[in-house]
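Written below as structure tokens is the structure these notes are about.
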Amino acid sequence: MQKLYVNQLAAHLQQPLAGCYLIFGEEPLQKLEAIDAVRLAAKNQGYSERISLQADTQFDWLQLEAELQAMSLFAERRLIELELVQQKLSPVANDSLKQLPGLLNPDVVLLIHGERSLNDVSKLVWFKQLQTQAVQVGIYQLDDRQSLQWLNQRARQLQLQLTPDAIALLQHHCASNLLAARQELEKLALSDIKQTIDANTLEQFLADHSHFTVFQLIDAMLAGQADEALHRLQRLYQQDVEPIIIAWQLHKEVSQLQQLQQSQQPLAQTFKQLAIWPKRQPQYQQALSRLSTKWLDFLLLELAAFDRLYKSGQLINTELALSHLVLLFITPVAKNFSLQQAQND
């Protein structure tokens, strides 16, 4: 099975197409554009008929088998798309997918796609059985560096001239939401602004479309980025992420930092035991350089107080309390206020 990153797909599609493409991942824009690229390549290479199937709970898997075996009335070669809508496939679905290697033929390109992560779906038996005939394309969320590269590249494609501070502002507003970023850039292109666009000019066009996970909040906190961490926290709150989930993750990170501080073995070995990837290790080292053992102990007490106050319904402003915890995580300050005091009052 040939494995491609999404940015390698365009070059691959200049060659004769493979019999099957497996496109999976949780980032919607990159996945949609990868599917569109396969569609266009198929059309250009003579697969002029496209059949689209959705495998939901009511899907008749015999229909897929029939389409793969049927001769087209309108074209010699066809592109058949199968979207796996369900996160968990039924036994019938799995059994049908296992039959695919024997059903593919040179006159058909089969494109299978879904929202499950590639890491998850690649463990399934049917996926492994397509190895010799399929090309797999993994779709992954972009990190901050990759996001900046993507924004700069897309701006150039649209013949937009954005200053570095404008690109940074766009990334801030549309973080982890490439679809929103594309829409904003396309609106800018349609506005026909000829001059270079700086942050002040861009700001009037933007609404905040950023979409974050709790892990991205943690990344900003570990790096000591107070403004960015508070922005991500605000967006998480607006996304209706449960406060107790955020607090639980904060507690986990404090515990990991304590284990790193107290370890008697080389730091690299402790990182491995805690399953902290090399890419994230510098962030933990930054946090360790800022936060003392006593401060981490204080943070655990504050988190415990938050937990009790939240569960008992005594918190007047949950978002403010979480902001307090986030800022304590970023830098030690004078203990003029604590949730423990609020609990005792």
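Laid out as a table, the results:
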read-out	value
Residues being polar (S, T, N, Q), under 30 Å from residue 101 (Cβ atoms) and either in contact (Cβ under 8 Å) with a residue 60 or more places away in the chain or open to solvent by less than 30 Å² (accessible area, probe 1.4 Å) (or both) - total across segment 123-141	4
Only one of 181, 189, 168 that is buried (at least 20 other Cβ atoms within 10 Å of the Cβ) and not basic (Lys, Arg)	181
Top-ranked residue of segment 305-319 - restricted to ones that are of a type in the set (A, V, I, L, M) and without any contact (Cβ under 8 Å) to a residue 12 or more places away in the chain, ranked as surrounded by the most Cβ atoms within 10 Å (Cβ to Cβ)	315
Residues of segment 17-49 that turn out to be part of a helix (DSSP H, G or I), under 13 Å from residue 111 (Cβ atoms) and open to solvent by 20 Å² or more (accessible area, probe 1.4 Å), as a count	7
Failed item in (1) of a type outside the set (A, V, I, L, M); (2) modelled with pLDDT under 90; (3) under 30 Å from residue 215 (Cα atoms), with residue 83 passing the rest	(2)
Qualifying residue in segment 132-140 (condition: farther than 30 Å from residue 17 by Cβ and either part of a helix (DSSP H, G or I) or out of contact with any Leu (no Cβ under 6 Å at 6 or more places or on another chain) (or both))	no
Unique residue being surrounded by 11 or more Cβ atoms within 10 Å (Cβ to Cβ), farther than 19 Å from residue 214 by Cα and not β-branched (Val, Ile, Thr) when the list is 267, 322	267
Residue among 208, 297, 240 that is of a type in the set (D, E, K, R), in a helix (DSSP H, G or I) and either open to solvent by 50 Å² or more (accessible area, probe 1.4 Å) or modelled with pLDDT under 90 (or both)	297
Unique match (being crowded, with 16+ Cβ neighbours inside 10 Å, within 21 Å of residue 144 (Cβ to Cβ) and not aromatic (Phe, Trp, Tyr)) among 219, 227	219
Single residue of 258, 262 found to be over 22 Å from residue 176 (Cα atoms), loosely packed, with under 14 Cβ neighbours inside 10 Å and modelled with pLDDT of 90 or more	262
Top-ranked residue in segment 161-187 [being under 16 Å from the mean Cα position of the chain (by Cα) and not in a helix (DSSP H, G or I); ranked as farthest from residue 206 (Cα to Cα)]	176
Residue count for segment 1-16, restricted to those that are basic (Lys, Arg) and in a helix (DSSP H, G or I)	0
Subset of segment 142-152 that is surrounded by 16 or more Cβ atoms within 10 Å (Cβ to Cβ) and under 15 Å from residue 6 (Cα atoms) - its residue that is modelled with the highest pLDDT	150
Residue in segment 283-293 that is more than 18 Å from the chain's Cα centre (by Cα), outside any helix (DSSP H, G or I) and in contact (Cβ under 8 Å) with a residue 40 or more places away in the chain present	yes
Matching option when the condition is modelled with pLDDT under 90, open to solvent by 60 Å² or more (accessible area, probe 1.4 Å) and not basic (Lys, Arg), among 54, 63, 69	69
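The values are calculated or read from the model by the stated rules, or taken from the named source; none is laboratory data. Small disclaimer: the values here were computed from a predicted structure and weren't measured. Cβ atoms come from the backbone with ideal geometry, glycine included; neighbour counts cover every protein chain shown. Side chains included, ligands, DNA and RNA excluded: accessible areas come from the protein's heavy atoms. Shrake-Rupley method; radii C 1.70, N 1.55, O 1.52, S 1.80 Å.
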